[in-house]
Amino acid sequence: MSTNFSLTSRVVRADQVTPLIKHFSFERVDGKPFGPFSAGSHVVIGMNDGTESHKNPYSLVGSSNNFMEYEIAVRLDSTGRGGSLFMHNNIEVGSEIEIGSPFNLFPVYKPAKKHLMIAGGVGITPFMAYIDEMNLMHSNFELHYSVRDFENGAFAKELQDKYPNQVKLYIQANDVMANFNEILDNQPLGTHVYVCGPHQMVADALRVADELGWPISSVHSEEFKAPDPGNPFTVTLAKSNREINVRSRESLLEALENANIEIPYSCRGGACGFCKTEVIDGEINHRDYFLTDAEKASGKCMMPCISRAQGDHLTLNL
Amino acid sequence: MTKIAFKQPLETFREDFTYTNSAKAIKRFPFPYPEDKYMYSVNMEHHDGGEPGSVLEKTFDIDEHYLSEVEERRIVLGKDPKRFATLPHMDLHQWDLLELLMESLAKDYPEHFSLTKDNDNWLWENRPLGIKQSFVFGEKSTLPQAPAEYITRQAQGDFVLMDQRDEDLYADAAMVTSSADWSVQFDLGMSFMEWHGPVPLAHGMGVFERALKYLLMIRLGQPVRRLNWTLTINPRMDTAPEVYHEWGHERASVTPENAGKKVHLRVEVQTLFRLPRSNGMLFGVRAYLISMEDLCTDPAWAQRMHRVIKTLHPELMDYKGITRYHKALVGWLSQFDQ
């Protein structure tokens, strides 16, 4: 039901905030405001490096009350698929990119009595908007932020200066590590914990929360997972009677988009559900978090942003 | 840009029931049946405008009954202030609703409403009601009531604010003074499935699972809508369980002779909006009432109305409270379907 829309936007600021993280601010080319968004929202940034198009999701950073600008922070991933490399090397003040409408898969749990945030590295990004909202709503919050060294802690100084009592920095270079047992133990009833950061950190925090008996409904996490590569395969599109090839490094969704087939999307990481597609034939390698086990077992639908063919062929009802 | 001619003197939705529709209002009535037989469906579509002049054209429709419905809301809240209710975590949702209503009304009806913003210092003008209010957006103390109560006292239709969490939608704040037999105090805080618990048949059809999944994925700036309907005796807006003693017995007053005047079709244009700051959802319920007599001035509507009511599933008939006067109504409607 939902359609993709995007706004052509221009970079108005691009700051290297750490050696690996670049902070971008965008304005709409038509001069209109973007409007408010909720803390935890992401947007998909669309760019074309001349040979390939990239569409990557990024958390919106910064104040949801600054309607004129959207801000994101991008960590350079030199082993990744090229999107962040392109953002770092080629996107500068004046560059134009496409921005999709915000969608929130990591919202603040409004009835919580206390908000406990655990961030690692670039995982700080959604919490910048969280803290803004919590400050506005006079909510009780605490942020535990782990960084490799002070130089690599995006927004670390700004956060510590502004919220000295609520923000705790852990600088790994100084051998100060966050102890999840200490952080998660003895929190008041009604506390919700939010975790965002590298995969291992998120897994560790969730494991400790589980061991300490935190209810699963009080524990929230977000990781943007880029689609892992897999074997190449071919896809038959039953309705349009076409055949396309999916290369090893691209996702099925990207292959469909490159063949000019438009599918609704938002997170491009198997979580939001927008790109759900009907499968007519072929075995599926499900890699998403959205479909129920029963849906996966039925073999009748898949999330093409992240899932692939198990064998060398799929037939889709497209 | 034409001014809407609001009904004067104000119409009543109680006691002497002076509410009526002008010829223009009859013509734009949202007749809800696509077929001669009615059954549930997840009948949602994008709420992105409609035929010029139709009730679907604007984000929030304002019509000739505006002043009368605002007064009816004031009367209901005077008797029972708890028809506006909110849980403590709904502040952001309330500001979202205030902003959405003020911006939409000012944009769609500039001759009647205007909104001027200077950062967070806002000036709201509602000319039909003679209101000029300056306030600070985000500062509750600068408005005479809670933000959602303040703005919905100036709007037609009921409004439910839902908080989205745990892959569900919770009805955590609402202004409901014209409900079709549901109680805001009873339903406050309920999840989507709990709230829809009393609806017959649809649960077995999987309608609500599909509807919830769909609603959770509604995007900012892409609202959706559906129509719902029931029948009401007399043009009564407030058919809440809290005042059942005032209206329940009226179902027994329908006869084959008076059905055309007494029985009213009540159509709800239900809208759903993703709210930007809170990530919540707004559920808007804008009810339109029309007497059978006025409805049947359109021969196609009259014929279809007869067929829909005649063949209505008995469980739906019970749920909508029609059973008691079904025979009398079908008898009256049959004259249009010979």
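Structure values in brief
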| read-out | value |
| --- | --- |
| When residues of the stretch A:163-221 are limited to those that are within 14 Å of chain B (Cβ to nearest Cβ) and in a loop (DSSP other than H, G, I, E, B), the one farthest from the chain's Cα centre (by Cα) | A:190 |
| Of the criteria (1) within 14 Å of chain B (Cβ to nearest Cβ); (2) in contact (Cβ under 8 Å) with a residue 40 or more places away in the chain; (3) surrounded by 19 or more Cβ atoms within 10 Å (Cβ to Cβ), which one residue A:45 fails | (1) |
| Count of residues meeting criterion [in contact with a Leu (Cβ under 9 Å, 6 or more places away or on another chain) and assigned to a loop (DSSP other than H, G, I, E, B)] in the stretch A:286-309 | 5 |
| The stretch B:41-66 - residue that is touching an Asp or Glu at 6+ places or on another chain (Cβ under 7 Å) and exposed (fewer than 12 other Cβ atoms within 10 Å of the Cβ) and, of those, farthest from residue B:27 (Cα to Cα) | B:49 |
| Condition check for residue B:280: within 14 Å of chain A (Cβ to nearest Cβ) and over 30 Å from residue A:44 (Cβ atoms) | no |
| Subset of the stretch A:67-113 (residues that are more than 17 Å from residue A:268 (Cα to Cα), within 14 Å of chain B (Cβ to nearest Cβ) and assigned to a loop (DSSP other than H, G, I, E, B)) | A:67, A:68, A:107, A:108, A:109, A:110, A:111, A:112, A:113 |
| Count of the stretch B:155-208 residues which are more than 16 Å from residue B:238 (Cα to Cα), assigned to a loop (DSSP other than H, G, I, E, B), touching an Asp or Glu at 6+ places or on another chain (Cβ under 8 Å) and of a type in the set (A, V, I, L, M) | 2 |
| Where residue B:27 falls short, out of the listed (1) over 29 Å from residue B:280 (Cα atoms); (2) surrounded by 14 or more Cβ atoms within 10 Å (Cβ to Cβ) | (2) |
| Single condition residue B:5 does not satisfy, out of (1) out of contact with any helix residue (DSSP H, G or I) (no Cβ under 6 Å at 6 or more places or on another chain); (2) touching a residue at least 60 places away in the same chain (Cβ under 8 Å); (3) among the aliphatic types (A, V, I, L, M) | (2) |
| Enumeration of residues in the stretch B:304-338 that are under 21 Å from residue B:182 (Cα atoms), β-branched (Val, Ile, Thr) and in contact (Cβ under 8 Å) with a residue 24 or more places away in the chain | B:322 |
| Any hit, the stretch B:289-307, residues being in contact with a Pro (Cβ under 6 Å, 6 or more places away or on another chain) and outside any helix (DSSP H, G or I) | yes |
| Conditions (1) at pLDDT 95 or above; (2) touching a Gly at 6+ places or on another chain (Cβ under 9 Å); number of the one not met by residue A:56 | (1) |
| Meets criteria (at pLDDT below 95 and crowded, with 16+ Cβ neighbours inside 10 Å) for residue B:325 | no |
| Among the residues listed as A:95, A:139, the single one being more than 19 Å from residue A:21 (Cα to Cα), surrounded by fewer than 23 Cβ atoms within 10 Å (Cβ to Cβ) and touching a residue at least 12 places away in the same chain (Cβ under 8 Å) | A:139 |
| Selection count, the stretch B:124-154, where residues are of a type in the set (Lys, Arg), more than 14 Å from chain A (Cβ to nearest Cβ) and not in a strand (DSSP E or B) | 2 |
| Matching residues in the stretch B:155-171 - criterion: being of a type outside the set (Gly, Ala, Ser), within 14 Å of another protein chain (Cβ to nearest Cβ) and either crowded, with 23+ Cβ neighbours inside 10 Å or in contact with a Phe, Trp or Tyr (Cβ under 9 Å, 6 or more places away or on another chain) (or both) | B:161, B:162, B:163, B:164, B:165, B:166, B:168, B:169, B:170 |
| Given (1) within 13 Å of chain A (Cβ to nearest Cβ); (2) closer than 27 Å to residue B:48 by Cα, number of the condition residue B:174 does not satisfy | (1) |
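Table: residues versus (1) crowded, with 21+ Cβ neighbours inside 10 Å; (2) among the hydrophobic types (A, V, I, L, M, F, W, C); (3) not in a strand (DSSP E or B).
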residue	(1), (2), (3)
B:226	no, no, no
B:230	no, no, no
B:246	no, no, yes
B:256	no, no, yes
B:261	no, no, yes
B:266	yes, no, no
B:271	yes, no, no
B:282	yes, yes, no
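The values are calculated or read from the model by the stated rules, or taken from the named source; none is laboratory data. Bear in mind that the values here come from a model prediction, so they are computed numbers and not experimental data. For neighbour counting, all protein chains shown are included, and Cβ atoms are generated from backbone atoms with ideal geometry for every residue, glycine included.
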